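These notes are about the structure you will find just below.
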Amino acid sequence: ERHYLKALEYIKQDNSKAAIIELRNAVQIDATFADARYQLGLLYLKEGNHQSAFAELVRTADLDPDNLDASLKTAEFYLFGRKTEESRTHIDRILSKVPNHSNALSLLATVELLDGNYEAAHAALDQMGEEVESSISLLSTRGRIFAAEEKWGDAEATFRKVIKIEPDNINNYLPLMLFYQTQSKTEEARALLNDLNDKLPDTPEALLLLAEFYRSQGELEKVGATLNKVIEIAPEQEQYRIMLADHYL
């Protein structure tokens, strides 16, 4: 307990290394100290040590079934590794305690999608009601389900809803762009990128997407012209000059 309390003080001071030492001392003394393992897992996550974070969070979830965040993060780790059954186990544990847990339902929808259970995936999203219509991530999942079902019109309409929520966010265009690419809808993809660049005319990232599209279509002169425009907008960024040099090579 003394080691754990010291660790909490170090966490407040943003001294992760010292906190990790104290927490490791705590779990060495008591391997079943769930709270210490949970905090240790969070610190490992913060430091980018995902393997150690996963080990601690899995152990926390097993030691303390009431720690829903540990179960949620464990489910996310398993889902990232495409281990859907293991992910489902932890999701079910959360939903048995909080049936309308939004984050767990969102993960469940993705699990069902990966397992090919499209009706169940829709049902998981439906449990969240109107929240889906205002959420970029949930709508993106809904669009992916429609695409997997080959309901192309519904998928396109859903991905357009994603853009409508935040039309100035480049990332929101990517699901629809990927959809058009997989459908070989070249002109629709071109129109989408032109629309993006009309909205964000001085944004290098939008122009880079357009340059990559031109490259995929073999329109090499347009690639060079677009990259030159990127350099005009951000002349201090050396990587854009390197891109242009690579293009000419």
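The values are calculated or read from the model by the stated rules, or taken from the named source; none is laboratory data. Please read these numbers as outputs of a predicted model, since none were measured by experiment. We place every Cβ from the backbone using ideal geometry, glycine too, and count neighbours over all the protein chains shown. Ligands, DNA and RNA are stripped out before the accessible areas are found, and what is left, the full protein with its side chains, is counted by its heavy atoms. Shrake-Rupley method; radii C 1.70, N 1.55, O 1.52, S 1.80 Å.
Tabulated values for the structure
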quantity: Residue-count net charge about residue 118 - beta-carbon cut-off 12 Å; Lys, Arg +1, Asp, Glu -1; calculated: -3
quantity: Lysine pairs within the chain, Cα separation less than 20 Å, 8 or more sequence positions apart or different chains; calculated: 15
quantity: Accessible surface ranking that places the most exposed of 5, 40 first, with a 1.4 angstrom probe; calculated: 5, 40
quantity: In sequence order, calculated HN-Hα J values of region 135-145 (Karplus, 6.51, -1.76, 1.60; Hz; x Gly/Pro); calculated: 10, 4, 5, 6, 5, 4, 5, 4, x, 5, 5
quantity: If the convex hull is drawn through the Cα atoms of region 126-173, its volume per residue in Å³; calculated: 65
quantity: Surface accessible to a 1.4 Å probe, residue 3 within the full protein complex, Å²; calculated: 60
quantity: Unit charges on C-beta of K, R, D, E only; dipole of the chain, Debye; calculated: 440
quantity: Sequence of 96, 16 when ordered by accessible area, the most exposed leading, probe 1.4 angstrom; calculated: 96, 16
quantity: Most to least accessible of 98, 230 (protein chains only, probe 1.4 Å); calculated: 98, 230
quantity: Those trypsin sites (Lys or Arg not before Pro) in region 1-109 that DSSP places in a loop and that have at most 13 other beta carbons within 10 Å; calculated: 82
quantity: Volume of the Cα convex hull of region 143-237, divided per residue and given in Å³; calculated: 89
quantity: Sequence-distant residues sharing a close amide H with residue 183 (under 5 Å, placed H); calculated: none
quantity: Residue-level accessible surface for residue 4, protein heavy atoms, 1.4 Å, Å²; calculated: 30
quantity: Fraction of accessible area attributable to carbon and sulfur, region 53-105 (%, probe 1.4 Å); calculated: 49
quantity: q = 0.08, 0.09 Å⁻¹: log10 I(q)/I(0) that the Debye formula gives for the chain, counting C-alpha atoms only; calculated: -0.48, -0.59
